[in-house]
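> Quick one: the structure is below, questions incoming.
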C-alpha cells in the first residue's frame, strides 16, 4: 500500500501557509484519481480562493466612497476571511575582527523573565507565543575596547570580565509581529557544532522511524503474499533463522491453519523451499523482490543521514545560521484589500455590527456593501450579472460556474430571476400551496441549453420572446413563451410545476381576499390566472405582481431596510451573491510609523521603507505645497532638524526635553555632501563667513 505525506504549514514566498488536509477516513475505499486531500486554496479538489458572500450595491453613509468597502462583523466573527501567515526570521553568527559571535542563553543586562522561552542553547522553544521585542535567539557579539559607563563598571565588578567585553545582538520579534513559533532550523559550517547535536539527533531519529515504517510495510505485504502461495504446499526445507534446526519437518502439509500461524520473522527465508517447483519459483521471487526493496530503503536512509551530517553552505563570513518561523492568524481588518473576479477591488473602510447592516425583507442582513458608482465608469457589468446569478443559485438551490468567455447571458439570468422570484415570494405572501421544487445543477444546465437554442412560442412582443430592460415583466424571455415548447421533458415538467403553482397561488389569493380586492391591491394578473388549469396564459404578469408585492422588482432588486433605523431605503437595491477574495495586500504588512530611527551614513537623511524602519519621504511636490501655503517654519523643520541637520537634531532634542523654544537650524548634511563632490571634481568650494554671520 502507498503512503502520502501531507504538507503541514509550509511557508510560501508570500509568507502564506500551504496546509494539506485529508478528505478520506481510515477504512474508506478509494480508486485511482480520487481526491484524498485538500491543499491550500482548494475545496474538494476545486480551486477555492475566496468565499461566496451576500452583497448590496448601494452607498452607506459615505463610508464606501471611492472604492471603499463596508463589511459585516459576521465575516470577522465567523473567520470567513481569516488566514494563516508564516514569517521567517534569520540570525547570522559571524566571525568578526574582535572575535567570534556566540549563540547563548547568557545575555548581558537581560532579565530571567525575558529568557523564559529559550532553551539551554539560547534558542526559542517551538510552541512559544511571542510578541514584539521578545528574544527568539540569544546572541552576544564581542565589543571593542571602549570606555566603560558607571553601570558597566558595576557589572564588571559583580560578574567579572565577561560582562564588559560583549554586547547583546539577539534576534528579537520585530514591531507589528506576533504569533506562535512553529519551527526552528539551524545551519552550520562545522560538522561538530554543539548547537546541531539536538537538531541532528531529531532529524536522524525521524529518518530511522520512516525507514522502520517502510520496511514494516514491505515485510507485511511480503508475508501476506507468501501465505497465499504456501497454502496447500508441502514442506521441503524450513529452517529456523540463524540455525540449521528445522522449523517444520520435510513432508509436512501446510494447511490454512498452519500457514496463518507461521512466524516469518523466525524463519530463514533464504533457505525456504517447498516441493512444488512452480510454487517454489514464485516464493523465491517474492522473497527476493522484498529483499531488494528493503535494501533500497536502507540505502536511501543512509544517503539522507549522510546529507544531514554534511556541513551547510553559508554566505561568506557566516559561521552559523538560525531560521525561526512564526505563524499568526490574521482576521480581516480595516485597511485590508479585497476583490471580486471582475477587477472590482477595494479597501475595507468600515466593519459594521451585524444588526446595523442593511437587511432584506426576510430579516437577513447583507455581508458586504459595495458602491454602485464603481460599476458604470469601469464598464465591468459582469459583477452585476454575477450578483443576480448568485442570488438565483441561493434561492433555487444550484451551483454555478461561469467560464470567462462562456458565462451566463442576460436572457438566461433574467429567466432564472423569474423562477427564483416565485420561490422568494412564496413565504412573503404566506401562500399555503407547496412551492415549486428547487432546481438541480443538471436541470439548470439543460434549461440554459434550451434558452440558447432560442425555442419560443412567439407570444412575446419581440420576435425573440424577450422583454426590454425595465419591463414590468422582467428581463429575458417570458415564461409564457417557454411553457410546453422547450423541447426538453425535464424543463417542460419544471415550467409546468411553476405554472401550476402560480395558478394555485392565484386561486388561493382570490378565495382569501376576493377578486375585486385583489385587483385593487395590484394583483390583476393573479385574478385573471385563478382557476385556469389548462394551458394558462399571463404567467409573467401574475409572477411580476407576486414578486413586486414581496419587495422584489422583476429586474432582481430588493427593498432593503436600514439596520440602524429599521426604515426602508429610498430606492430598490441590487442584492445577490458575489465571489470575493482577500488579497495579499494586508494592512498589517503595510502599516508603519516612525518617531526617530536609523539615518543614512552618507547623507544623514532618514532611511526609506518599513523594512529599514524608515520615514515618509517629503518630496519635491510636497515642498511646493508648503511653499504655496507659506508654511515657512514647517518647511524649514522638514528640510533640517527632521532630516539631515545633524547638530540641529541633537539641539532640538535638548530644547524639547528642557521645554525651551526650538533653536535656529544648522547646515544640512546634504550641503556638505555637495561641497565634497565639487571638491572631488577639483573645485575649491568652501562655506565662507561674513561679519554678519553665515
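> Would you call residue 618 under 41 Å from the mean Cα position of the chain (by Cα), surrounded by 15 or more Cβ atoms within 10 Å (Cβ to Cβ) and within 30 Å of residue 88 (Cα to Cα)?
no
> Give the residue, chosen from 683, 635, that is part of a helix (DSSP H, G or I) and either without any contact (Cβ under 8 Å) to a residue 12 or more places away in the chain or under 22 Å from residue 614 (Cβ atoms) (or both).
Going through 683, 635 in turn, just one is part of a helix (DSSP H, G or I) and either without any contact (Cβ under 8 Å) to a residue 12 or more places away in the chain or under 22 Å from residue 614 (Cβ atoms) (or both): 635.
> Shifting gears a bit: Residues in the range 395-437 that are under 29 Å from residue 363 (Cα atoms) and surrounded by fewer than 14 Cβ atoms within 10 Å (Cβ to Cβ): how many?
Final tally of qualifying residues: 6.
> For the range 238-256, does any single residue satisfy the condition of being under 30 Å from residue 189 (Cα atoms), at pLDDT below 85, part of a loop (DSSP other than H, G, I, E, B) and touching a strand residue (DSSP E or B) at 6+ places or on another chain (Cβ under 9 Å)?
Within the range 238-256, not a single residue is under 30 Å from residue 189 (Cα atoms), at pLDDT below 85, part of a loop (DSSP other than H, G, I, E, B) and touching a strand residue (DSSP E or B) at 6+ places or on another chain (Cβ under 9 Å).
> Another question, then. Looking at the range 42-60, can you tell me whether even one residue there is closer than 12 Å to residue 350 by Cβ and surrounded by fewer than 21 Cβ atoms within 10 Å (Cβ to Cβ)?
no
> One residue is enough: does the range 69-76 have a residue meeting the conditions more than 28 Å from residue 587 (Cα to Cα) and assigned to a strand (DSSP E or B)?
No: zero hits.
> I'd like to check something: does the range 352-369 contain any residue that is at pLDDT 95 or above, exposed (fewer than 14 other Cβ atoms within 10 Å of the Cβ) and not assigned by TED's automatic domain parsing to the domain that holds residue 14?
Yes - at least one qualifying residue is present in the range 352-369.
> Tell me which of these residue 279 doesn't satisfy, since it passes every other one: (1) surrounded by 16 or more Cβ atoms within 10 Å (Cβ to Cβ); (2) not in a helix (DSSP H, G or I).
(2)
Here is a yes/no grid of residues against (1) closer than 25 Å to residue 399 by Cα; (2) modelled with pLDDT of 70 or more:
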| residue | (1), (2) |
| --- | --- |
| 462 | no, no |
| 479 | yes, yes |
| 506 | no, yes |
| 558 | yes, yes |
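> Shifting gears a bit: Give just the number: which of (1) touching a helix residue (DSSP H, G or I) at 6+ places or on another chain (Cβ under 7 Å); (2) modelled with pLDDT of 90 or more; (3) under 20 Å from residue 413 (Cβ atoms) does residue 572 not satisfy?
The one condition residue 572 does not meet is (1).
The values are calculated or read from the model by the stated rules, or taken from the named source; none is laboratory data. Predicted model, so just to flag it, every value in this text is computed and none were measured. All Cβ positions, even for glycine, are placed from backbone atoms using ideal geometry, and neighbour counts span all protein chains on display.
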